[in-house]
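The structure under discussion appears below in the form of structure tokens.
The values are calculated or read from the model by the stated rules, or taken from the named source; none is laboratory data. The structure displayed is predicted, hence computed values, not measured ones. With ideal geometry, Cβ positions are generated from the backbone for all residues, glycine too; neighbour counts draw on all protein chains shown. Only protein heavy atoms, including side chains, enter the accessible area calculation; ligands, DNA and RNA are left aside. Shrake-Rupley method; radii C 1.70, N 1.55, O 1.52, S 1.80 Å.
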Amino acid sequence: MTTSNIKTPGVYINEIDAFPNSVVPVATAVPAFIGYTPAAECEGKSYFDKTQKISSFAEFQAIYMKPDPAPPADPASQYSPEYYLVEQEQKPSQGDYLAINGTFYAVIPDASTLYYLYNSVRLFYQNGGGDAYIVSVGSYGAPSRRAADVGAQIVNPNVQLADLQRGLELLKHEQEPTLYICPDATLLSVDDNGTLMQSMLLQAEELQTAMCLFDVIGGKAPDPVTYTQDIETFRNHTGSNGLMFGAAYYPFIGTTIMGNGDINYTHLFGGDIKPLAAILNPPSAPNAAVEKIIGMIENPPNTGALTRSQLNAALLYASRTYGQIIEHVLADANILPPSGGMAGVYTVNDNENGVWHAPANTSIVGAASLPIRLNDTQQAGLHVDAVSGKSINAIRFFNGQGILVWGARTLDGNSQDWRYISVRRTITFIEQSVRLAVRAYGSEPNDANTWLAVRSVISSFLTDIWKQGGVQGAKASDAFQVECGLGTTMSSQDILNGVMTVTVKVAVVRPAEFIVISLQQEMTDNVSR
């Protein structure tokens, strides 16, 4: 209110703001999952090729899962990987296998039926996940009706680079996601996966709002001798741009996401019961109970037919061999890329400790086994690479502690500035929070009053971060510095051009990655002194 606006005698009240604007911290762990889903429809609306925010697995279920039929029918199968038992002349040297009646069988999937996004989202919420974005680029493709080659890298022809890049492109219009995750990418060829990873890093570098979490092709069934070739291949295909915005985890993890009810006889031999019957009820060892159940599956009665789950339970009871087959298939189907679980780890870490805390030295809920147990020497080759500098974070087993995330580096492992995930994410958090707060001053006069207000707002925000331990220093002035003014960050020409420049310097907390304990022998009398 100004005096020139007062025309009538009387009493006027002029309210003055006592407190400046404040910085609202942005969310730090909002993953965006790109891939294939069982469905993408809700209330008649399609959600394919759209970005959709969800806050719980129940919301994911409502949009991206097939609806269950009415009881007593079995629930709809959301994910149906198919497996084959391929007879071998001798014991397989790699991969999973079974010995049945003196014959070795390799347990091999139909590559066209493998997808990872659905179970990765389940793993994300099992690990404490919250808000997330889903970009469904399609539903599951047709099976090939044949087993993959024994020992060959799994490539799903239904997973297309163009689909995943289209989903990535949609995220350019979303500012909230802070993590890009594409679990199905490891089902691409090595070259296509490399192209996608480079596209993700370039987009993350362009937007500067998100990090990319990568899985390493070959991490599902690594050879204990030649696994380093998979690591080298990964490094050779990530390019050299945007590495500070990427983090990789190795190997895959054996989970407990899928249970006994998720795998049954319909997932074997493409749903053909005859090859399974020949294994469970051979002429050399007939099983009358199995023969009867197989007959009910092949020719269900007109009335009183058993459900799929009931027939599966009957087979498990009647044949120990069938139980072993299901156990092996379930174990393979439960080996998942770690990126989905890591997104949940990031969420819990940020909520409990802050984004400046390294998401490491912690467990992944649901991780029950590892396809390879790395030791210190093996991890050294992943952690530090003198040639490329691309660090890969190991997931390791420790006696008495279990499975732990044992690495906290970005792909830019040789950079003193951006070596650590927590540093990169803290700076992104500060940048985006400050950017949104300062936007309010976009039309204010570019003068000393505005500069003071901007410094005050940012300083107040950073003081709160310092109190929480996000930046280091004995006092706030040691932890950060905010400058904005004529002669310090701006020239007269800048002001004439309408440019206001703010400089923020912060001392970010870095993880204690290497802890060195010095021990020295002393004489007893010296120690006592």
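Hey, what's the chain come to in accessible area per residue, 1.4 Å probe, Å²? Write down the numbers at each step before the final one.
Details: 25920 Å² over 529 residues.
Using a 1.4 Å probe on heavy atoms only, each residue of the chain averages 49 Å².
Could you please state how large a percent of the accessible area of the range 454-499 is carbon and sulfur, counting protein chains only and using a 1.4 Å probe? Don't skip to the end; give the middle numbers.
On the way: 1160 of 2430 Å².
Reported share for carbon and sulfur atoms: 48 percent.
Sort 152-160, 278-286, 263-271, 388-396 by packing, meaning the average of other beta carbons within 10 Å per residue, with the highest value first.
Peptide ranking by packing, descending: 388-396, 263-271, 152-160, 278-286.
Using the basic label-point model (7 angstrom from Cα toward the beta carbon), what is the E232 to T488 distance in nanometres?
In this crude spin-label approximation the distance works out to 5.4 nm.
State, to one decimal in nm, how far the label point of E174 lies from the label point of N302, with both points 7 Å from Cα in the Cβ direction.
Each label point is offset 7 Å from its Cα along the Cβ direction, giving 5.2 nm.
Roll a 1.4 angstrom probe over the protein heavy atoms and tell me the percent of accessible area of the range 311-410 that is carbon or sulfur. Numbers along the way, then the final one.
Numbers: 1940 of 3940 Å².
Reported share for carbon and sulfur atoms: 49 percent.
Give, in nm to one decimal, the length gained when the segment between S77 and E352 is fully stretched (0.36 nm per residue of separation minus the Cα-Cα distance). Spell out each step's value before the answer.
On the way: separation 275, 0.36 × 275 = 99.00 nm, distance 3.57 nm.
Extra length available between S77 and E352 comes to 95.4 nm.
Under 12 Å from the Cβ of W418, count the other residues' Cβ atoms, weight Lys and Arg +1, Asp and Glu -1, and hand me the total.
Working: positive: R409, R419, R424, R425, R510; negative: E205, D412, D417.
Local charge sum for W418: +2.
Can you give the angle from 0 to 90° between the axis of helix 448-467 and the longest principal axis of the chain, with both taken from C-alpha atoms, to the nearest 10?
Helix 448-467 sits at roughly 40 degrees to that axis.
Rounded to the nearest percent, how much of the accessible area of the range 1-151 (1.4 Å probe, protein heavy atoms only) is carbon and sulfur?
Working: 4080 of 8120 Å².
Within the range 1-151, the accessible surface is 50 percent carbon and sulfur.
What number does the chain give for Rg over Rh if you use C-alpha atoms and the Kirkwood radius? Mind dumping the intermediate values first?
Working: Rg = 28.8 Å, Rh = 26.5 Å.
Using Cα coordinates only, the ratio equals 1.09.
Considering amide H positions built from the backbone, and no H for Pro or chain starts, which residues 5 or more places from Y420, or on another chain, come under 5 Å of its amide H?
The list, which skips near neighbours in sequence, is T410.
Hey, what angle do you get for helix 421-438 against the long axis of the chain, alpha-carbon based, 0 to 90 degrees rounded to 10?
Roughly 50 degrees, rounded to the nearest 10.
Give me the number: length gained by fully extending N14 to D49, i.e. 0.36 nm times residue separation minus the C-alpha to C-alpha distance, one decimal in nm. Intermediate results must be reported in sequence, preceding the final value.
On the way: separation 35, 0.36 × 35 = 12.60 nm, distance 5.23 nm.
Additional length available on full extension: 7.4 nm.
Under a crude label model (7 Å from the Cα following the beta-carbon direction), how far is T256 from Q481 in nanometres?
Distance between label points: 5.3 nm.
Just to be sure I follow the rule: in the chain, considering lysines 8 or more places apart or on different chains, how many pairs have Cα atoms under 28 Å apart?
The number of close lysine pairs in the chain is 17.
Given R₀ = 25 Å, what would the calculated FRET efficiency be for Q310 paired with N101, taking r from the Cβ atoms and rounding to 0.05?
Numbers: r = 27 Å, r/R0 = 1.08.
Using R0 = 25 Å, I get an efficiency of 0.40.
Take every Cα pair under 8 Å in the chain that's 6+ residues apart, average their separations, divide by the length, and report that relative contact order as a whole percent. Mind showing how you got there, number by number?
Values: 929 pairs, mean separation 83.4, N = 529.
Rounded, it is 16 percent for the chain.
Between helix 320-333 and the chain, what is the angle of the helix's C-alpha long axis to the longest principal axis, kept within 0 to 90° and rounded to the nearest 10?
Approximately 30 degrees, to the nearest 10.
Under 1.5 on a/c is rounded, so check that first for the range 241-341, then, if it is not, pick prolate when a/b is larger than b/c and oblate when it is not; a ≥ b ≥ c are the square roots of the alpha carbon gyration tensor eigenvalues.
Details: a/c = 3.38, a/b = 2.56, b/c = 1.32.
Prolate shape, in that a/c is at least 1.5 and a/b is the bigger ratio.
So what's the convex hull volume per residue for the Cα atoms of the range 251-408, in Å³?
Numbers: hull volume 29.3 nm³, N = 158.
Output value, Cα hull per residue: 185 Å³.
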